[in-house]
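See structure below.
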Amino acid sequence: MSAGPAGPDALDAPPLRIRRLSVSYATDHGRIEAVRDIDIDVAAGEFLGIVGESGSGKTQLLLSVLGLSAPRAELGGSIRYRQQELLRLDSAALNQVRGNRISMVFQDPMTALNPYLRVGIQITEVLRVHRGASARAAEQRAIDMLQSVHIPDAQRRMRQYPHELSGGMRQRVMIAMALIAEPEILLADEPSTALDVTVQAQILSLFQELRARTGTAIVLVTHDLGVIAEVADRVAVMYAGRIMEQAPVHELFARPRHPYTEALQQSIPRIDAARPARLPSIAGTPPDPASLPPGCAFAPRCIYRMPVCDAVAPPLLEDSPGHWKACHHDGALGKLRGQAA
C-alpha cells in the first residue's frame, strides 16, 4: 500500500515516509484506535495540509513522528526520516532528530513555553544543545530569528517571560524556536486556532514566507478548510484515524472524491452565495474510537451509503494520478447525489 507521489519532488526520495502507521491505547472501555493504517509522504519543501474534525487523529499523527505519544500508546508501522526508522530510535538518538531536523509548533504557546524561563533562554537552548553554539553566538542568532518572525524590539523580548507577551507574540516565539536550528520539516498543530482572525492571517503569511526563504517543508494540521485552501500544496483528509482522501489542493477543492470531503466543503459559508441559506451539516457524530464499525467509519453519516460500506473498510487507492480516496463509490460524487437523495 502506498500513499502515492509526494508532490512536486516525487522523483526524489521524500525526507519523511510514513507507512501503515497505527497508534492505539488500551483503556478500561476498550482499545482506542487513534490512528489507523496511515500511509503518507512529506516531500522536500512542500506545504502539506492535514484536515479533519476534532478527534480524527491529526494531532496523534504528528506526535507519533517525534516520539511524543503518551507513554501508554502502542505504535505500529514505520516512520522513516531519511534512512532512520524513528519508531526504533532510543531517546538519545530521537533527541538528535526532534527540534533539530524535525521541529513542531504546538497549538497553545502558553502551555508549550516554560512560564518560569525567559524567552531568550528557551530559544537559545535549541542551538546550544543541537549545534554546540556559544552563549553569545546563540543569543545573537536568537535575536536575528525573532526579527525574522517580525517580533519588534527583539533584544528586549529576549529578557521577557511568556506571560509578558501577547498570544500572537508567543506563537511567533514558538515558530522562532522551531526554526532556529533550520529543520528540514516543520510540524504545526493548529498553530493559529486560539488567535484572532488578524493574527491568524499573519501567522499563516509568516509560514509561507519562511518556507520560501528556508525551503523547510511544513505539515499543517487544522480543522479549517479555508486555511488549507490558502496555503497548502497538497491535502490529506482524516476521519476516525484514517486518511479518507489525499490530493493536490486545487484538485481536492475542485473535484472531491470522498463524501466526507464533499460534506466538509458544503459546510463552509460562502460570501458569493446568491441569498442567505442555512448551512448544510453532517448528520450524526464521529464514531467511538473504542468501538469502530467493521466497514467504512463514515458510512453511518454518508448519504451515498451502500451495503458494502457497512461490511468492508475501503482501502486508500489512487483514483486518478495524484488523487487518492478510501471509498467504494466510483465516479464523481455529484453524479450520485440524485440517486442518494
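Estimated translational diffusion coefficient (Stokes-Einstein, Kirkwood radius over Cα pairs, 37 °C, 0.692 mPa s) of the range 46-140: 211 µm² per second.
Just name one of Tyr116, Ser64, Val35: the one whose Cα is farthest towards the positive end of the charge dipole of the range 27-118 (beta-carbon charges, Lys/Arg +1, Asp/Glu -1). Ranked along the dipole, the leading option is Tyr116. About its Cα centre, the range 43-118 has a charge dipole of approximately 220 debye under the convention of +1 per Lys or Arg Cβ and -1 per Asp or Glu Cβ, with nothing else charged. Over the range 187-255, the fraction of Cα-Cα pairs per 5 Å bin, rounded to whole percents and listed from the shortest bin up, is 3, 14, 26, 25, 18, 10, 2, 0. Normalised per residue, the accessible area of the range 59-186 is 49 Å², obtained with a 1.4 Å probe and no contribution from ligands, DNA or RNA. Phi angles across the range 244-257 convert, under the Karplus curve 6.51 cos²θ - 1.76 cosθ + 1.60 with θ = phi - 60°, into 3J(HN,Hα) values of 8, 7, 8, 6, x, 4, 5, 5, 5, 6, 7, 9, x, 9 Hz, Gly and Pro given as x.
Mean residue ellipticity at 222 nm, helices only, the chain: -9000 deg cm²/dmol; runs of at least 4 DSSP H residues each add -39,500 (n - 2.57), and the sum is divided by the number of residues. Across all directions, the average projected area of the convex hull around the alpha carbons of the chain is 19.0 nm². The Cα-based radius of gyration and maximum Cα-Cα distance (Dmax) for the range 157-200 are 11.5, 31 Å.
The charge dipole of the chain, taken about its Cα centre with unit charges on the Cβ of Lys, Arg, Asp and Glu (plus for the first two, minus for the last two), comes to roughly 320 debye.
Using a probe radius of 1.4 angstrom, the carbon and sulfur fraction of the accessible surface of the chain is 52%. In this view, the solvent-accessible surface of Ile175, computed with a 1.4 Å probe and all protein chains in place, comes to about 0 Å². Remark: the Cα gyration tensor places the range 89-145 in the oblate category, a/c being 1.5 or greater and a/b not exceeding b/c. For the range 77-231, what does the alpha-carbon gyration tensor say about shape, rounded, prolate or oblate, given a ≥ b ≥ c as the root eigenvalues, a/c under 1.5 as rounded, and a/b over b/c as prolate? Oblate shape, in that a/c is at least 1.5 and b/c is the bigger or equal ratio.
The values are calculated or read from the model by the stated rules, or taken from the named source; none is laboratory data. Because the structure is a prediction, the values reported are computed rather than measured. In this analysis, Cβ positions are derived from the backbone assuming ideal geometry, glycine residues included, and neighbour counts consider all displayed protein chains. Just so you know, the surface numbers come from the protein's heavy atoms only, side chains and all, with ligands and any DNA or RNA stripped out. Shrake-Rupley method; radii C 1.70, N 1.55, O 1.52, S 1.80 Å.
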